[in-house]
Number of protein chains: 2
Amino acid sequence: MIVENLNKISTHINWVEYKHLWKQLNVPAKTILLKEGEMSKRAYWIEKGCLRLWFNNNGKDITFQFFFENEGVSSIESFSKNIPSPFYLESIEPSVLHYILKKDFEMLMEKIPDFKNIIFEATLERQIYYMEQFLSLIKDKPKERYLKLLKEKPHIIQRIPQHYIASYLGITSVSLSRIRNKI
Amino acid sequence: MIVENLNKISTHINWVEYKHLWKQLNVPAKTILLKEGEMSKRAYWIEKGCLRLWFNNNGKDITFQFFFENEGVSSIESFSKNIPSPFYLESIEPSVLHYILKKDFEMLMEKIPDFKNIIFEATLERQIYYMEQFLSLIKDKPKERYLKLLKEKPHIIQRIPQHYIASYLGITSVSLSRIRNKI
DNA sequence: TAAATTTATTAACAATTGTTATCGTATAGC
DNA sequence: GCTATACGATAACAATTGTTAATAAATTTA
């Protein structure tokens, strides 16, 4: 389950009561938090730093999502369906994380209707996000996608290495470098 | 809200009790059920036929989703957020549809926990579907996407006009014709 | 049935992207 | 500080896709 903003949650439910379920974890850059093929047992919340979700496609890394401060993340398929994660989760910068165990997460889902409602909303938001990504890929050219990213999410351009952004845009790093050169 | 399978719902809740909320609607091919810019007031369930969701991109139609028998559909953004639909919903074949009004749908969501749970599950499924579409677009070439469609969803290839499939794959109809020629 | 429209194929050329390789710079680890 | 690695730019060429146009077949409409 991907939780967009836990601050949002904290305004709705008695957050402090369940604070003890969250453990802090400090990691350096390039730390793998979840491997492809592993069972996801934790959901993370990012206090500081950034993470990426990626997978191996015929020997080439493809990064398809970035996460920053105040965002939550886990491999949604693995976490919600109890199957091995098809993706890697890895830190890009040194990061300060907080995690909750799957069983505790599920307990909150069951016992606190407001928590479930907020997760429902977050799931809907995420669905729309993925739909927009999908739509952008079938209607926009790579150059347009890059310019849109630059305009709408400049923090990604600023903080993320370019070759990760290239795979996120669906092109090679060489092609992205050419696009940047033309602008 | 997109409901994948209302039969699934009917096995969980007292379906017959709410049957009167659904109205039948028979439409010929190429009937527009929801226009871009309109408010979505209905959720449809397809008994027979097929529909497509599409939008206009600089004068060119882009179809991004198809729906067939036993599937439910509406413009998710418009229906759940109460904003004008960014998409057109249109029949491809002559179709037998059943629809429920937004207010009745919301009533079911509120009053029947099982209904809400199933919609939650359907939303999660749909999220994974959009994520997979997104991933396929950044990792696979058009030819691979066409072959995958042919293998996994042959009914789409069989029933849908080719130029709609081309835009769904993110390419022109000319390019799709070339790809087919090579196979 | 005839005419109009829609749909799919193909060709020629332009534009874009992929592939492979080289190079210089920046960064991280020892 | 030094070395190894990572990162990004660029070049040359191949492969793919887009664009425009012409054509033929299929389907719809009158």
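The values are calculated or read from the model by the stated rules, or taken from the named source; none is laboratory data. The structure presented is a predicted model; accordingly, all values stated were derived computationally and were not measured. Heads up, the Cβs are rebuilt from the backbone with ideal geometry, glycines too, and the neighbour counts pull from every protein chain shown. Accessible surface areas use protein heavy atoms only, side chains included; no ligands, DNA or RNA. Shrake-Rupley method; radii C 1.70, N 1.55, O 1.52, S 1.80 Å.
Quick notes
- Isotropically averaged projected area of region B:50-128, using the convex hull of Cα atoms (one quarter of hull area), nm²: 6.3
- The C-alpha atoms of chain B define a longest principal axis, and helix B:113-139 lies at about 10 degrees to it.
- The alpha-carbon atoms of the protein assembly as shown define a convex hull whose volume equals 155 cubic angstrom per residue.
- Calculated from backbone phi, Karplus (6.51, -1.76, 1.60) coupling profile of region A:50-58 in Hz, x at Gly/Pro: 8, 10, 9, 9, 8, 9, 9, 10, 6
- Ranking by accessible area, most exposed first, for B:Lys148, A:Lys19 with a 1.4 Å probe: A:Lys19, B:Lys148
- Looking at chain A, the accessible area is 49 square angstrom per residue; that uses a 1.4 Å probe and ignores ligands, DNA and RNA.
- Principal axis dimensions, largest first and in whole angstrom, of region A:6-112 by Cα: 46, 29, 19
- Computed over region B:99-150, the range of Cα coordinates on each principal axis works out to 46, 20, 16 Å, biggest value leading.
- In Å², nearest 10: area of B:His20 left accessible to a 1.4 Å probe: 120
- Inter-site label distance for B:Lys81 and A:Val96 at 7 Å from Cα along Cβ, in nm: 3.2
- Rg and Dmax of chain A, based on Cα coordinates, read 17.1, 55 Å.
- The residues B:Ile83, A:Ile157, B:Ile138, sorted by heavy-atom accessible surface at 1.4 Å with ligands and nucleic acids left out, run B:Ile83, A:Ile157, B:Ile138 from largest to smallest.
- Extension gain for B:Asn56 to B:Ile183 (0.36 nm times residue separation, less C-alpha to C-alpha distance): 42.7 nm.
- Degrees between helix A:142-152 axis and first principal axis of chain A (Cα, 0 to 90, nearest 10): 50
- Partner chain coverage, peptide B:122-133 - average Cβ within 10 angstrom: 6
- Sum of side-chain charges, A:Glu106 neighbourhood, beta-carbon under 15 Å (Lys, Arg +1; Asp, Glu -1): +4
- Test item: A:135-145 mean partner chain Cβ contacts at 10 Å: 4
- Rounded to 10°, Cα long-axis angle of helix A:102-111 versus longest principal axis of chain A: 60
- Residues whose amide H comes within less than 5 Å of that of A:Lys48, counting only those at least five positions distant or on another chain, are A:Val96 (H built at 1.01 Å from N in the peptide plane).
- Highest-fluctuation residue, B:Ile32, B:Ile128, B:Ile92 considered, GNM on chain B with Cα pairs under 10 Å: B:Ile128
- Within region B:140-183, the percentage of alpha carbon pairs spaced more than 15 angstrom apart rounds to 33%.
- Cα→Cβ-extended label distance, 7 Å offset, between B:Glu69 and A:Glu110, nm: 4.0
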